[in-house]
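Scroll down for the structure; my scribbles are underneath it.
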Amino acid sequence: MSTNSTDPLIGRLIDGRYQVRSRIARGGMATVYLATDLRLERRVAIKVMHGHLADDSQYKARFIQEARSAARLAHPNVVNVYDQGQDGETAYLVMEYLPGITLRDLLQEHKVLTTVQAMDIMEAILSGLAAAHKNGIVHRDLKPENVLLADDGRIKIGDFGLARAASANTATGNALLGTIAYLSPELVTRGIADTRSDIYAVGIMLYEMLAGEQPFRGEQAFQIAHQHANDTVPTPSSKNPRVPAELDELVLWATARDPDQRPRDARAMLEQLHETEALLRQDDSATGTTAAQRTMVLPAAVNAASSTAETQILTPKARHRTGPILTESTTALATKSDRRRRKGFWLFALVLIVAALAGGTGWYFGAGPGSQVSIQEVAGQSQNTARAALQKQDLVVAASTTSVYSTTVAKDLVAGTMPKAGTRVAHGAEVILVISNGPQPLPVPKLVGVSEDQAKQAIATSKFTWKQSTTRFDDKVAKGLVIAALGADGTPLTEGQTYGEKQEISLVVSLGPLPDVSGQTVQEAKNILSSANLTGIEGPTEASDTIAKGLVIRAQAHDTKPVTEGSTVDLVISSGKPQVPVPDVVGKNWTDAKTALTAAGFTLDYNHIADVSPGSFFVSKTNPGGGQTVDKGSKIKINFNGNF
């Protein structure tokens, strides 16, 4: 399974229901993602049309047609379609999710399949296709990439994007619509498709499974198409001698150039496949070998003379007198092909003309005006550089540009093109540059003051990226709460501020206040700090009214940096009570003297009779005397000279 973390759809909720998980595959018309249907709680595959095709009514109609075509089918060998809709500019199709591989993956790994494997896969393909044909649907794009092999053994046909209602002459509107290696001659020459065109593609796939390669090859698509239109498909046994003649005949019947010489639909070919399996089992029994017994769909008894039976399963005897596969052996078909190659000289001129036309067409589409170029990737380049690169490809770069928010491309650089890189377009086609606006601005949620886990959840929900958390001690913020949120450049972010989508946010989380070491000896304080992964050293001294001299008043930062685990902190040591001068109050009345002394923090020793009439008593002496420096809070003795 392919994933791409830069894909903007990954992680998106489509239509409020489908949560996109990862990318499964990408094709020329759409990308398929693995998603979760939140309503029904199941995994689904969601097919999203490429953005540059969403405005093309033809492609959108084809996309919707796939949903309608597949939804009409309810068969175990057809991928189920659950839903179809549009979310904004996103057109999508919801399908059954089948974990496993495609038939193409299997062929790339094993190249040649056994007869039993090929018939098992062919039976499933024809069963699903028969259901489509019965409902009037022609697939028109059958190929190994559209055959899904689930891990649990189920085999299903998918991708009905080119399907249309079946009729005798269903015009495609484009003779090369579909994959060139599996196109029938009538599609190549006339652009006409019906159920027999699907049969031709099935025959080519059967040949590829048995022979290990496609029957026609060429450097140009035109060369392969020319072979489909003019050459007979060879027998698989010409490449793989182990292929039985019965399967050779089945391939030749399915790939006859004349549609009238092929099975009329998948049901007819499926019934013949069942008979071929029975014949091969009989051959195994006759030679003494054993084969796995498989479940068969047996036909109802029919009257051989009846002309009303829609489909008859023919006996081995009848096979030799009914239909192309029943009337021509492999040798006869080869002889007939040789005879055609030996036709008269009058065809030689026609061959030369056809060759000249083929060469001219090859030049026109290969190197001439009709050739196409693949738009190169210019994401991440400046506009001038991108314009020059695209113009060098003979493309016209539009003067106007469009813009898009991007989390991977810096602002003002080129984020992509319309059409997208890798798209094949004609020389001189116009390309529009898509310019990055940088990440989409989004509001920052509340992060400061909440727990670290709550902050991380808020960051994720708001489409930002949590980078890391650091811790520090803080006297004002409780332990475990966020002190600050920092942007990618270290700048603090505030709630409601706009910040780029998916940009990084770092959190600063509080360890609470520094440990309380007040009143401890220096050694006791160091031990307490050590238990908190801090180192205490003796710092400055400071007078204290409450802490005795020589004991620790507090721990504080050693410098101006925040204190984190492992930091060194200073221990502030008490130098004892502060020293203050005694106010000179001699000669003042007791009212003023008492006010000055108590304001200076002293306690007073005096004759309290002075309090009866303080204005009548005057201070004659203090001990200690005015101007002397003593401990704050010391006792001052007062003498009076009063008027009695």
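The values are calculated or read from the model by the stated rules, or taken from the named source; none is laboratory data. Not measured: the values here are computed from a predicted model. Cβ: placed from backbone, ideal geometry, glycine included. Neighbour counts: every protein chain shown.
Candidates are the residues of segment 507-541 that are surrounded by 14 or more Cβ atoms within 10 Å (Cβ to Cβ) and in a strand (DSSP E or B); the one that is farthest from the chain's Cα centre (by Cα) is T541.
Residues of segment 402-411 that are over 12 Å from V378 (Cβ atoms) and surrounded by 13 or more Cβ atoms within 10 Å (Cβ to Cβ): T402, S403, V404, Y405, S406, T407, T408, K411. Which ones in segment 16-31 are in a loop (DSSP other than H, G, I, E, B) and surrounded by 15 or more Cβ atoms within 10 Å (Cβ to Cβ)? Once the filter is applied, which keeps residues that are in a loop (DSSP other than H, G, I, E, B) and surrounded by 15 or more Cβ atoms within 10 Å (Cβ to Cβ), segment 16-31 yields R17, M29.
Going by what's in this entry, would S544 be described as in a loop (DSSP other than H, G, I, E, B), hydroxyl-bearing (S, T, Y) and either farther than 25 Å from K467 by Cα or modelled with pLDDT under 95 (or both)? It would help to see each step written out before you state the result.
On the way: in a loop (DSSP other than H, G, I, E, B): yes; hydroxyl-bearing (S, T, Y): yes; either farther than 25 Å from K467 by Cα or modelled with pLDDT under 95 (or both): yes.
The answer is yes for S544.
Residue count for segment 69-98 under the criterion of being under 13 Å from V32 (Cα atoms) and in contact with an Asp or Glu (Cβ under 7 Å, 6 or more places away or on another chain): the result is 2. For segment 482-511, a residue qualifies if it is touching a helix residue (DSSP H, G or I) at 6+ places or on another chain (Cβ under 8 Å) and not small (G, A, S), and the qualifying residues are V482, I505, L507, V509. Residues that are surrounded by 14 or more Cβ atoms within 10 Å (Cβ to Cβ) and over 28 Å from the mean Cα position of the chain (by Cα) within segment 465-485 comprise T470, T471, R472, F473, D474, V477, G480, L481, V482, I483, A484, A485, listed in sequence order. Restricting to segment 180-236, name every residue that is surrounded by fewer than 21 Cβ atoms within 10 Å (Cβ to Cβ), within 39 Å of the chain's Cα centre (by Cα) and outside any helix (DSSP H, G or I). Within segment 180-236, G191, I192, G212, E213, Q214, F216, R217, G218, E219, Q220 meet the criteria.
Does G615 satisfy being over 23 Å from G512 (Cβ atoms) and part of a loop (DSSP other than H, G, I, E, B)?
Working: over 23 Å from G512 (Cβ atoms): yes; part of a loop (DSSP other than H, G, I, E, B): no.
So G615 does not fit the description; no.
Of all residues in segment 215-235, those that are farther than 25 Å from L247 by Cα have Cβ atoms under 8 Å from Cβ atoms of residues that are among the polar types (S, T, N, Q), 6 or more apart or on another chain, in G218/Q227; F222/T361.
In the set (1) part of a loop (DSSP other than H, G, I, E, B); (2) closer than 11 Å to A266 by Cα, the condition left unmet by A131 is number (1). Residues in segment 70-104 that are polar (S, T, N, Q) and modelled with pLDDT of 90 or more: N77, T102.
Here is a list: G416, G438. Which entry is in a loop (DSSP other than H, G, I, E, B), within 23 Å of the chain's Cα centre (by Cα) and within 24 Å of L9 (Cβ to Cβ)?
One residue alone meets the criteria, G438.
Of all the numbered requirements in (1) outside any loop (DSSP other than H, G, I, E, B); (2) of a type outside the set (S, T, Y); (3) buried (at least 20 other Cβ atoms within 10 Å of the Cβ), V585 misses one, and that requirement is (1). Restricting attention to segment 495-506, does a residue exist that is surrounded by fewer than 18 Cβ atoms within 10 Å (Cβ to Cβ) and farther than 30 Å from P441 by Cβ? No, segment 495-506 contains no residue that is surrounded by fewer than 18 Cβ atoms within 10 Å (Cβ to Cβ) and farther than 30 Å from P441 by Cβ.
Going through segment 384-428 one residue at a time, which ones are over 17 Å from T6 (Cβ atoms) and among the polar types (S, T, N, Q)? Talk me through it step by step, then tell me what you get.
Taking segment 384-428 as the starting set, the residues that turn out to be over 17 Å from T6 (Cβ atoms) are 384-403, 412, 418-419, 423-428.
Of everything in segment 384-428, those that are over 17 Å from T6 (Cβ atoms) and among the polar types (S, T, N, Q) turn out to be N384, T385, Q391, Q393, S400, T401, T402, S403, T423.
For segment 244-267, the set of residues classified as crowded, with 22+ Cβ neighbours inside 10 Å and of a type in the set (A, V, I, L, M, F, W, C) consists of L247, L250, V251, L252, W253, A254, A256, A266, listed by residue number.
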